[in-house]
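Report on the following structure.
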Amino acid sequence: MIAPVLEFAEVTELTGPLVVLRGVEGVGWDEFARVRLASGELRHGLVLDVDEDLAVVQVLQGTSGMTRSGTRVSFTGSPLRIPVGPGWLGRVCDGRGGPLDGGPPVFGQATAPVGGVPLNPTMRRPPAEPVLTGVSAIDTLTTLVRGQKIALFSSAGLPHLELAAQIAAQAHTGTEPFSVVFAAMGLTHADATAVRDTLEERTAAGELTLLLNLADDPVIERLLTPRLALTVAEHLAFEGGRHVLVIMADMTAYCEALREVSAARGEIPARRAYPGYLYSDLASLYERCGRVRGRPGSVTVLPVVTMPAGDITHPVPDLTGYITEGQIVLAGGGAYPPIDALQSLSRLMRKGVGAGRTVPEHLDVAAQLLAALARERQARELAELVGESALTPADRRYLAFARAFREDLLRQRRDERRDLDQTFTRAWRVLSALPRRDLSLLAPDTLDVHYREGS
Amino acid sequence: MGVVTRVNGPLVQVSGLSEAAMYDLVDLGPDRIPGEIVGIRRDGATVQAYEYTGGLAPGQPAAALGVPLSARLGPHLLGGVFDGLLRPLTGAATWLGPRSVNVAGDQEWRFTPLAAEGDHTEPGTPVGRLDDAGALPYLLLSPGGQVTAVRAEGRLPIGAAVATVGGDQVGVTTSWPVRRPRPFGDRLGETVPLITGQRVVDLLLPVARGGTAAVPGGFGTGKTVLLQQIAKWCDADVVVYVGCGERGNEMADVVQELSELTDPRTGGPLARRTVVIANTSNMPMMAREASIYTGVTVAEHFRDMGYHAVVIADSTSRWAEARREFASRSGALPAEEGYPADLASALAAFYERAGLVRALGGAAGSVTIIGAVSPPGGDLTEPVTTLTQRFARSLWSLDRDLAYARHYPAVSWTESFARDGDALAAWHVRDGRAAWATQRARTASLLAEADRIAALAEIVGTGALPAHERVVLLGGRLIREGLLRQSALSPADAFSAPDRTTALSGAVLDVIDHCLDLAAGGTPITAIEEHDYSPLLRAREQPAARVPGLRDQVLAALR
């Protein structure tokens, strides 16, 4: 770390997570600051605004206990940098990267700025290979692709954390090196313990980094946690040649922290009082996924968003959906995992599956399953109004198909890992519930091999 | 020379530049971060910075450059990828830090003079031609006046001068302030379609050359895929694809596909007729605001050479949001949904830069603008969507229910419009597709009737409907699945030429008419409904010549 250049004493204002200082000189925007309390405690902050000799600093651990006269702030002359390297693997840390597992602080050979630097779009390699999760519904219908960002949308009370943890524990890229960075924001102690238990084996194997910001940890620290995770992941991927999956749960908690800072600064609020720059801010996180020309490795990003009151048009899921390349939507009422296949979509899947990647007929199978589910939804809505007996025989076949889909393909145990063979055997069994003439999206020669009428 | 006094993200205030002009460029700090003056007070100026301002501090220098934000236009554009300020990204650093993008280039082009010393040239007429700059000859245009010097045939680098006309030098490149429309002769009254190769657009909701189209759609409705399809297959001479605050992976994907796909008209890669402006959502926000203007300036530049150019802007909502974000930082009073009050006039001015015109040099050229709109929460009543609807000639609304049902392109036939639809259908009839206008009208009315009956069926049940109405329901399904649906992934179906579109729509309508006759003649409705129509539905994957055969196969089996 660079030695502090200057120390400033005059705090003119403390409001929410912000400190306003007077008499600063030569301090640049977005610089990293150290805040020393009268008690000797050290906190960290970032410069949000510099105006003549005034500076507004956001304190990551909050301002509680800080006084005007007893606070000393020093500036480091550069944006925040953290150590990076394989030393992070196998570690459990707090939301600022401090060890929670009893180990020593994490050191690395190199450092990197937590804010990241935009990747030149012409240096991106389009994603083209899958990350397999062992969850049938995801692997068949919304396949994760290396270098992709895809969101997991859920509502309060649904098992999104369990599913995120199951994906973190099971995901793999075949024989290529693979790691997971799991950033938890605003989790309750019970949830955090459950996630830690599910991921214990993988952590012990040195394939996973867990960053835990809990519900009672400082709120503003949450603004740092996902950036920390992505900075660690970028180095593991683009310098270390690994395929890294970054799971960020829960982004709604992150956005609330952002709103809190914005409100404290008196900014003009946009939708639902979130700041107008929420889109750009979320993009600065999610867009750090990808693959880089001339380098092995990839960063795949899976943010988890709980939709307040299940509202997909709420700014957090809405802006997330506009940035991510698809979404996996959980909806209530079903067996585990309660994935709503029709609302879910992986935009990059068409490039990441098929012959040599998963199975040759993968895209056609997925398209046919979804088309049939869409038709079943129409029939089901009709049946709710007029009764199942008023449906045509064709519509009734689709209701039977959807039951088979839910029982045979979708439903899965929380510790069950299905390989592609098992998943596609089930998918074909489900499709065979429909007459062959209805399967117009599948090629005749594929049907000859896999279709088994009435099975 | 000014001094930085305040830094708040992209908003920078400087003192001492109060004599500079509005919208002039400023270099900020020791890294010379580019910015643009957007407000002037007695004691200083407000600047919007186009790059990350981390480390910029009060007390650092700020220099006004005395010129407005301008784009460098030249033969290097075709086939290239640029940032929002039109600086080349191809060949720039992997990670885009400050000043990592620079105007450079070591390309050379073959020059042929088209005017001789002593000639008198009109403004906008060519004085020379560069031949290997892209799919089309790149014309170097005269500012008007007598040619006093012109270079001989040969190879020229990017910085070279090619002629002196009326005392002014004509270079390989030229510069133009992006916020000012380039001049032209006059607007032309003809109505000629831009063929997009997408059946739902070309048949039901066409757009004219020089027209404007807006594409509103929530996330996941396939906006970007539709726009990319049009970028690849529309029959324009030059396509300017502006990725404004969108996804990096998608930009990488479109660039790669354009370089792999063959232009059916020239045989070269499609990239050779395309200019890509990539300002992804994690790149500096204010360059996103400029990128829209940069894109349309590039299109106007090629229009002036007598070419038909298309600007595809994905997404104009990100441009509007960048303006909102900056307005909010500078403390401007918010109007509707927090957008600045000049949003309507700014949008109108942008879409007005489209048009089919006689260029200054006399050739006909056009700029067609197709703008995506990303309504928050899919809410089509929000300001950017509603304002854009007022200014666009065609509207392709994307429907979430269609997208969930994997009906792509998910263009809603009820919520969209094409104000030049009838005139453009008449053009197809004149062009030899006699049935086009009637097919268009019949398809639209069948879809509307099928929607009405489907709503009725939700109340009374399908079984309670008369046979005729059940056939219309079936007909709606056949039109949707056999005609309007089009796979962007299928090499055979990604592009549908007008002849194939008319063949498919004719085949589907013939089958529906036959079913209506059968039902009227007493054939049991379930027999009609349970019939195997899959040959007709698979006809989308076949060339136009094979479509009638597949239609006859279905008709024969129905008898």
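Miscellaneous remarks
- The range B:337-393 versus the range B:401-471: alpha-carbon centroid distance in Å: 27 Å
- Karplus-derived 3J(HN,Hα), 6.51/-1.76/1.60, for each residue of the range B:304-316, Hz, glycine and proline x: 4, 8, x, 9, 9, 10, 10, 9, 10, 10, 10, 9, 5
- Ordering A:ASP216, A:ASP49, B:ASP422 from the fewest to the most neighbouring beta carbons within 10 Å gives A:ASP216, B:ASP422, A:ASP49.
- Based on every Cα atom in the range B:436-558, Rg and the maximum pairwise Cα distance Dmax equal 14.5, 42 Å.
- Legend: mean number of C-beta atoms from other chains within 10 angstrom of residue C-beta atoms, peptide B:3-11, equals 5.
- Average other protein chain Cβ within 10 Å of Cβ, residues A:282-291: 4
- Beta bridges assigned by DSSP with both partners in chain B are antiparallel in approximately 70 percent of cases.
- For the protein assembly as shown, the fraction of alpha-carbon pairs lying more than 48 Å apart is 29 percent, rounded to a whole number.
- As a length-normalised measure over Cα pairs under 8 Å and 6 or more apart, the relative contact order of the range A:362-450 settles at 37 percent.
- For B:SER397, distant residues with modelled amide H under 5 Å away: B:SER412, B:SER416, B:PHE417
- Cα centre as origin, Lys/Arg/Asp/Glu Cβ charges: the range B:419-518 dipole, Debye: 160 debye
- Under 5 Å between amide hydrogens, built in the peptide plane, is the criterion, and for A:VAL145 it picks out A:VAL131 among residues at least 5 positions away or on other chains.
- Taking all Cα pairs closer than 8 Å and separated by 6 or more residues, the relative contact order of chain B comes to 13 percent.
- Sorted peptide list for B:124-133, A:279-288, criterion being average Cβ within 10 angstrom, highest first: A:279-288, B:124-133
- For the protein assembly as shown, the residue among B:SER330, B:VAL311, A:LEU223 whose Cα projects farthest onto the positive side of the dipole built from Cβ charges is B:VAL311.
- Distance between the range A:352-383 and the range B:189-232 - C-alpha centres, whole angstrom: 27 Å
- Antiparallel beta bridges, as assigned by DSSP with both residues in the protein assembly as shown, represent about 65 percent of the total such bridges.
- HN-Hα J in Hz across the range A:214-225 - Karplus 6.51, -1.76, 1.60, θ = phi - 60°, x for Gly and Pro: 8, 4, 9, 7, x, 5, 5, 4, 4, 5, 8, 3
- Of the GluC sites (Glu not before Pro) in the range B:45-119, the ones in a loop by DSSP (not H, G, I, E or B) with at most 15 other beta carbons within 10 Å are B:GLU117.
- Cα gyration tensor category, rounded, prolate or oblate, for the range A:306-406 with a/c compared to 1.5: oblate
- Relative contact order (percent, whole number), the range A:20-140, Cα cutoff 8 Å, 6+ residue spacing: 20 percent
- Orientation-averaged projected area, Cα convex hull of the range B:186-419 (nm²): 12.6 nm²
- ³J(HN,Hα) computed for each position of the range B:199-210 - Karplus, 6.51 cos²θ - 1.76 cosθ + 1.60, integer Hz, glycine/proline x: 4, 5, 6, 4, 7, 9, 9, x, 10, 8, 4, x
- Highest mean packing comes first when the peptides A:81-91, A:64-74 are listed by Cβ atoms within 10 Å, giving A:81-91, A:64-74.
- Counting DSSP beta bridges with both ends in the range A:231-317, the antiparallel % (nearest 5): 20 percent
- Proxy reagent accessibility, fewest Cβ within 10 Å first, across B:ARG180, B:ARG87: B:ARG180, B:ARG87
- Computed magnitude of the charge dipole of chain A (debye, nearest 20; Cβ of K, R +1, Cβ of D, E -1): 980 debye
- Mean partner shielding of peptide A:126-134, defined as the number of other chain Cβ atoms within 10 Å of each residue Cβ, is 2.
- Electrostatic dipole magnitude of the protein assembly as shown [Cβ: Lys, Arg +1; Asp, Glu -1; Cα centre; debye, to 20]: 920 debye
- Other-chain or far-sequence residues with amide H under 5 Å of A:VAL180's (modelled H): A:LEU208, A:THR209, A:LEU245
Each reported figure results from applying straightforward, stated rules to the coordinates on display, with no laboratory input. Every value quoted in this text rests on a predicted model; they were computed, and no experiment measured them. Glycine also receives a Cβ, built like all others from the backbone with ideal geometry; neighbour counts cover every protein chain displayed.
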